[in-house]
Amino acid sequence: MDKKMATRLTPAPDSAVIEDNAPTNLGDHIRQLRNDRRWSLNELSARSKIAASTLSKVENGALSLTYDRLLQVAQGFGLTLSEFLAPPASDTAMPVGAARLSWARKGSGEQIETAGYVYNYLCTSLRAKRMIPIVSLVKAHSLAEFGPLLRHDGEEFAFVLKGRVEVVTEFYASQILDEGEGVYIDSRQGHAYLNAGESEAWIVSVNCDTVVE
């Protein structure tokens, strides 16, 4: 390791090495955060810009949320997405520069299924992350199955782990990615990943909610 780098890193306490807890129920989690603040569904609706009827369905397990909608809910609570997904007993008191670490064990994290994907949000126990790592099963084979293109703040990198994936964007011609290929995009443009093959398609993506202009 470079000597200058070694002097900048602060040895991490044992508590900095964090294991992901088992996945939580998204609806129960939203309801708990809302009740902690003594907010009605209408209050959260106004803050997140998501209809109260939609939020009610999510809380009752009748509906799930895509990445962009999940980000809206987190921002409605005044949280980053990593803070929103993290369990209560987490690293909130830990300095950001403390060389933190969180393992992504098999079966860990938060799994959320939508029409287009089965999202597996990894390392959710680590709060205040600058990146959101996600492993996703790409379900939809067409935009008709997928629904509206997703748009949200930030940038993302997606890499195909298995299968073939069609990348559809708002301003560019669609492209097919094979295993071992990826794409980096500005997430503010409409985008979708579609299964372009006959077998399962899996991607790993890293999302960041800031944009370098």
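The values are calculated or read from the model by the stated rules, or taken from the named source; none is laboratory data. Remember, predicted model here, so these are calculated numbers, not experimental data. Cβ placement follows ideal geometry from the backbone for every residue including glycine, while neighbour counts extend to all protein chains displayed. Note: accessible area is taken over every heavy atom of the protein model, side chains too, but ligands, DNA and RNA are not part of it. Shrake-Rupley method; radii C 1.70, N 1.55, O 1.52, S 1.80 Å.
For this structure, a couple of remarks:
- Selection from the range 134-188 of residues that are in contact (Cβ under 8 Å) with a residue 40 or more places away in the chain and aliphatic (A, V, I, L, M): I134, V135, L137, V138, A140, L143, L149, L150, A158, V160, L161
- Within the range 141-185, the residues that satisfy the criterion of being touching a Phe, Trp or Tyr at 6+ places or on another chain (Cβ under 9 Å), under 24 Å from R130 (Cβ atoms) and of a type in the set (D, E) are E155, E156.
- Selection count where residues are assigned to a strand (DSSP E or B) and either touching a residue at least 40 places away in the same chain (Cβ under 8 Å) or of a type in the set (F, W, Y) (or both), scope the range 98-130: 10
- Test result for A93, open to solvent by 40 Å² or more (accessible area, probe 1.4 Å), at pLDDT below 85 and in contact with a Leu (Cβ under 6 Å, 6 or more places away or on another chain): no
- Scanning the range 111-166 for residues that are open to solvent by 30 Å² or more (accessible area, probe 1.4 Å), hydrophobic (A, V, I, L, M, F, W, C) and modelled with pLDDT under 95 yields a total of 4.
- Residue, farthest from V135 (Cα to Cα), within the range 58-84, restricted to residues that are among the small types (G, A, S) and surrounded by fewer than 22 Cβ atoms within 10 Å (Cβ to Cβ): G78
- Count - residues of the range 171-213 that are over 15 Å from Y117 (Cα atoms), loosely packed, with under 13 Cβ neighbours inside 10 Å and of a type in the set (D, E): 3
- The residues on offer are S205, S187, S174, and the sole one that is under 17 Å from E110 (Cβ atoms) and of a type in the set (S, T, Y) is S205.
- Scanning the range 38-58 for residues that are among the basic types (K, R) and part of a helix (DSSP H, G or I) yields R47, K57.
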